[in-house]
1. Only one of these conditions is not met by THR174: (1) of a type outside the set (Gly, Ala, Ser); (2) surrounded by 18 or more Cβ atoms within 10 Å (Cβ to Cβ); (3) free of Cβ contacts under 8 Å to residues at least 24 places away in the same chain. Which number is it?
2. From (1) within 24 Å of TYR75 (Cβ to Cβ); (2) polar (S, T, N, Q); (3) part of a loop (DSSP other than H, G, I, E, B), pick out the condition that doesn't hold for SER107.
3. ARG135 passes all but one of (1) touching a helix residue (DSSP H, G or I) at 6+ places or on another chain (Cβ under 9 Å); (2) more than 20 Å from ILE3 (Cβ to Cβ); which number fails?
4. Checking the condition open to solvent by 60 Å² or more (accessible area, probe 1.4 Å) and among the hydroxyl-bearing types (Ser, Thr, Tyr), which residue from THR209, THR192 passes?
5. Working only within the range 58-77, note down all residues that are assigned to a loop (DSSP other than H, G, I, E, B) and within 19 Å of LEU100 (Cα to Cα).
6. Output the number of residues of the range 189-215 satisfying the condition of being part of a strand (DSSP E or B) and either over 12 Å from GLY7 (Cα atoms) or touching a residue at least 60 places away in the same chain (Cβ under 8 Å) (or both).
7. Which ones in the range 136-157 are part of a strand (DSSP E or B) and either open to solvent by less than 10 Å² (accessible area, probe 1.4 Å) or among the polar types (S, T, N, Q) (or both)?
8. Among the numbered criteria (1) free of Cβ contacts under 8 Å to residues at least 24 places away in the same chain; (2) closer than 19 Å to VAL133 by Cα, which one does ILE20 miss?
Amino acid sequence: MNIIWLGHGSFRFETADQVILLDPWLNGNPSLPEDQHGAAVEGATHILVTHGHFDHITDVVDISKQTGAPVSGMYELAQFLHAQGATEGQAFNMGGTIGLGGEVSVSMVPASHSSSADVADTRRYMGNECGFVLRAEGKSVYISGDTGIMADMDWIGDFYKPDIGILSAGGHFTMGMAEAAYAAKRYFDFKTVIPCHYRTFDLLEQSATVLADGLPGVDVIEPQVMEPITL
């Protein structure tokens, strides 16, 4: 499995014959050079969305139209994006599990954040925010989505037993590095942790040193944009 950071909270997962984009944000993403936009989405077979904020859905409809990749996510948000012209994927809800081809599956789990989008000069509710557990190649990957620490992490860790954690850890809008380290240590038994939703703006944390120092024995990998992490 290749996990490729596209900057901020956006990722590309390459597993078997599937290319799964998570919250792909291209235009306006200061971490992703424009000349790499094409490579970031090339060959996409699925798009997953965690919530409705602009830095997670701005480009989803256009990418879906360009690649033909179906969009799946929280019921209200997915239906909204489908109505805007995105290829129809699966509109599901908390606790649901969908297949993405072969032995790849995704389960929707809670997050603690908010979810809305600007539509026709109004702010529209887009259903609950969420995270995902991606299972493929014998691995279980917990994708926190934008979230603070929450008690739900206890059962997520116990039930899904993820060995890889992709954790929003930039602070201000989500957990910071210290909070992410606390959550990972208390609720999970990760072998590998990849921080995200950081370094994008000055407002956010710029280094994962605190996260790494707080998780001795865990492989904390600071991702580099468009550089595959092979696990």
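The values are calculated or read from the model by the stated rules, or taken from the named source; none is laboratory data. As the structure is a prediction and not an experimental result, all values here were calculated from the model. Cβ placement follows ideal geometry from the backbone for every residue including glycine, while neighbour counts extend to all protein chains displayed. These area figures cover heavy atoms from the full protein model, side chains too; ligands, DNA and RNA do not enter into them. Shrake-Rupley method; radii C 1.70, N 1.55, O 1.52, S 1.80 Å.
1. So the condition that THR174 fails would be (3).
2. It fails just one condition, (3).
3. Here ARG135 clears every test but (2).
4. On the way: THR192 fails: open to solvent by 60 Å² or more (accessible area, probe 1.4 Å).
None of the others qualify; the one that does is THR209.
5. The first filter runs over the range 58-77 and keeps only residues assigned to a loop (DSSP other than H, G, I, E, B), leaving 58-59, 68-70.
Hits for the range 58-77 are GLY68, ALA69, PRO70.
6. Residues of the range 189-215 that are part of a strand (DSSP E or B), as a first pass: 192-196.
Pick out the ones that are also either over 12 Å from GLY7 (Cα atoms) or touching a residue at least 60 places away in the same chain (Cβ under 8 Å) (or both) and you get 192-194, 196.
The number of residues fulfilling the criteria is 4.
7. Taking the range 136-157 first, the residues part of a strand (DSSP E or B) are 136, 139-143.
Result: ALA136, SER140, VAL141, TYR142, ILE143.
8. Just one mismatch for ILE20, condition (1).
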